[in-house]
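The values are calculated or read from the model by the stated rules, or taken from the named source; none is laboratory data. Quick caveat: nothing in here was measured; it's all calculated off a predicted structure. Note: ideal-geometry Cβ built from the backbone for every residue, glycine included; neighbour counts use all protein chains shown. To get the accessible areas, we keep the full protein, side chains included, count just its heavy atoms, and leave off ligands, DNA and RNA. Shrake-Rupley method; radii C 1.70, N 1.55, O 1.52, S 1.80 Å.
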Amino acid sequence: MKNPIFILLALLLINCTSDDAKPKIDNPELLGKWRVIEQLADPGDGSGTFQPISSNRTVEFFSNGTVTASGTLCFMGTENNSGSGTFVLDSESGLNEGEITPNDCNPDFYRISFEIESSNLILWYPCIEGCGEKFVKIL
């Protein structure tokens, strides 16, 4: 009688893993490393457009739902103080839109929305006027 209970308990323990809490993200279009190629900083009248820039700033998305950057994720245009965070995909719009939650921004509710448009990744920062960065995939 003890053996069936022991076997059942062993099977339950084997099937429980810590990876179950965080599902793997399978989106080859998003996952990987991206380099910034353009920035948009609207002057306040809606006339702003993306302008080419020269920068080594990168962001990288991983299948475990984490993201890293070669600069802070709190604002655009800097390659200092690497940043990291987590991301989620918007289940209603498909796999090409979502939101990043940086680990080191203040206030804690700071979020960056993102989308993939014409093979480019666009990060939209929460600015009073429109601001964003456009990236091209490099890895």
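Just a few scattered comments:
- Paramagnetic label zone (point 7 Å from Cα along Cα-to-C-beta, Leu31; backbone N under 19 Å) in region 53-68: 59-68
- Among the chymotrypsin sites (Phe, Trp or Tyr not before Pro) in region 54-139, those placed in a DSSP loop whose Cβ has at most 11 other Cβ atoms within 10 Å are Phe109.
- Accessible area of Lys24 (1.4 Å probe, protein heavy atoms only, ligands and nucleic acids ignored): about 140 Å².
- Label-point separation in nm, Phe62 to Leu139, each point 7 Å along Cα→Cβ: 1.2 nm
- Per residue, the accessible area of region 34-78 comes to 46 Å², computed with a 1.4 Å probe over protein heavy atoms only.
- Rounded percent of accessible protein surface that carbon and sulfur make up, region 39-139, 1.4 Å probe: 48 percent
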